[in-house]
C-alpha cells in the first residue's frame, strides 16, 4: 500500500510556504516575466504561459521528500494572501542527506527580509524534519542580494568558481555555499 503524500505547508511569522495551486498561475507568470528577476535565473523572458501551466501542474502534487527533483513551493504573505515568489530544494538522488536550495522573490518585495525568512524556515524543515546533513546553494558572484542573504543565514562560502558556467550568452562566475547540520544546530542555539 502506497503512503499518502501530505500537502507541503510551512509557516513563518509573516509567510506561508506551500505547494503551488492553480490560482498562483498569473502571479507566477508575472514574476517569471520580470527581466530583473530572470537575470539571475535559468529561464528566459518571455516565459511562455504554456510552460507556466505545466510548471504549476507539476509542483501541485510533487512529493517533497522524493530525491532527484526540484520541489518549488509558493511563498505567500499571510496577511494579504499575495504570492510573492518561491523557494525550492532538490534532494540529491546519490546522496539523500544533501540538498540544494534556493529562493526567488518578486522584485517589488525585495529588501523586506522575505527571502531570509522563507529560506530560514525551509532550512529548519530540511535539517530538523527531514534530518538532512548538508545544504548547498550556488549564486552568481554579481548577484549581491543572493550571496548576502546566504551569508546572513549563516552559510559558509566554500568556493569561488571563476567563469565556470556559460550562462545567458557569457561566461559567469559563481560562489558555492554550504551548511552542515551541526552548524545549523549551533546557529539555532546561539
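Numbers for the structure displayed
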{"read-out": "Sole residue being touching a strand residue (DSSP E or B) at 6+ places or on another chain (Cβ under 6 Å) and either under 30 Å from residue 130 (Cα atoms) or crowded, with 17+ Cβ neighbours inside 10 Å (or both), chosen from 10, 25", "value": "10"}
{"read-out": "Conditions (1) touching a residue at least 12 places away in the same chain (Cβ under 8 Å); (2) closer than 16 Å to residue 136 by Cβ: number failed by residue 94", "value": "(1)"}
{"read-out": "Residues that are in contact (Cβ under 8 Å) with a residue 24 or more places away in the chain, more than 20 Å from residue 119 (Cα to Cα) and buried (at least 16 other Cβ atoms within 10 Å of the Cβ), drawn from the range 35-67", "value": "52, 55, 56"}
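To keep it simple, each residue is scored yes or no on (1) farther than 18 Å from residue 42 by Cβ; (2) modelled with pLDDT of 95 or more.
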residue	(1), (2)
81	yes, yes
86	no, yes
95	yes, no
115	no, yes
118	yes, yes
121	yes, yes
126	yes, yes
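The values are calculated or read from the model by the stated rules, or taken from the named source; none is laboratory data. On a predicted model such as this, the values are computed, not experimentally measured, just so you know. Don't worry about glycine lacking a Cβ; one is built from the backbone with ideal geometry, like all the others, and counts go over all protein chains shown.
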